[in-house]
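Here is the structure we will look at.
Derivation of every value follows stated rules applied to the coordinates shown; laboratory data play no part. Owing to the predicted nature of the structure, the values given are computational and were not obtained by experimental measurement. Every residue, glycine as well, gets a Cβ built from its backbone with ideal geometry; the counts of neighbours run over all protein chains shown.
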């Protein structure tokens, strides 16, 4: 039985990854780690075996200098065959320290992770490959920087942190005062984030989840984010994860997302989750790639019959993958409805 360690296991995304592997036709021994001891209750609960790991550990945060040694101690104790990092921070750490880990990871190349975790670098790579992009500028509260953004984009435009998921540091800017005060606020907090200004794209928000091996897509599926969780709590209205999502079949999305991944890594291997947004003409524009880990709602597709975490494990062990179609394996307009304390429900025909 393969022994798999999930780092950052006790959040919603980790739970959905665990649920997917518990639904797989192969049995796994799963070990979960997390820095929050309270959250480990979600993956230790005997009443919910579909979420439960076989062993769980509280560990330091991955930016703690003792983390690597702690993780390797667990790897050796549990005889781990593979480490899967779920959060962006864990992906970054495991990518940079892959040669120091006592177990293998199935991650894209270190350079690929670095580019994908920086939206400005991603946009530069896409532009160089001739892919239409969401025009991007580095920005600060400096008057000249604000004028440059104003001249390039007019209003409205987006301001957001250049690194991080879930709409981190994002705000829709409709005048110079908003941009200046928003950026000064974060500068005053001394969080150390780099910010970018980006062209405002008014159309649908689409998420393309995919598993790759040596530059070839193993399987993929696109979904539209219909409604975000608690959108009124964020100035941008974007909180990173949807309460309502629906599958879509769009050849333009499939083509653009595939090109976006290959522009950064022609030999892509592992998980690549591409965010795209339609411009005013309806063309999907890539905005970021979450490389090395699945979207939060990965179990949506598992419940619909396409278990991408299972396919990813088969890639990691260089085994034959399930015979899923490369694109559009799930019918269009299947909905995934979820919320706080409301488990996900698959709705195949919207009434």
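Worth a mention:
- Sorting 84-94, 173-183 by average packing, meaning the other beta carbons within 10 Å per residue, from highest down gives 84-94, 173-183.
- Relative to the longest principal axis of the Cα atoms of the chain, the long axis of helix 12-22 lies at roughly 40 degrees.
- Axis angle, to the nearest 10 degrees, between helix 143-153 and the longest C-alpha principal axis of the chain: 80 degrees.
- Using the empirical formula 2.2 N^0.38 Å as the baseline, the Cα radius of gyration of segment 264-351 reaches a ratio of 1.26.
- When DSSP beta bridges are restricted to pairs lying wholly in the chain, around 75% turn out antiparallel.
- Size descriptors for segment 139-198, from the alpha-carbon set: Rg then Dmax equal 10.5, 28 Å.
- 0 to 90° range, to nearest 10: angle between helix 67-78 axis and the chain longest Cα axis: 30
- Cα shape, segment 202-347, gyration tensor, a/c 1.5 rule: oblate
- Volume per residue of the convex hull around the Cα atoms, evaluated for segment 7-140, comes out as 154 Å³.
- All-pairs Cα distance distribution in segment 1-69, expressed in whole percent, bin size 10 Å: 23, 54, 21, 3
- In segment 232-299, Rg over Rh equals 0.98, where Rg is the alpha-carbon radius of gyration and Rh the Kirkwood radius from pairwise Cα distances.
- Overall form of segment 310-351 per C-alpha gyration tensor (a/c, 1.5; a/b vs b/c): oblate
- As a ratio to 2.2 N^0.38 Å, the alpha-carbon radius of gyration for the chain is 0.98.
- At R0 = 35 Å, FRET efficiency that the Cβ-Cβ distance of residue 214 and residue 27 yields, to 0.05: 0.80
- Size descriptors for segment 107-174 (Cα atoms only): Rg and Dmax, in that order, 13.3, 41 Å.
- For segment 217-262, the C-alpha radius of gyration divided by 2.2 N^0.38 Å, with N the number of residues, is 1.41.
- Inter-part distance, segment 11-36 to segment 50-65, computed on C-alpha centroids, equals 11 Å.
- Kirkwood Rh and Cα Rg combined as Rg/Rh, segment 81-129: 1.05
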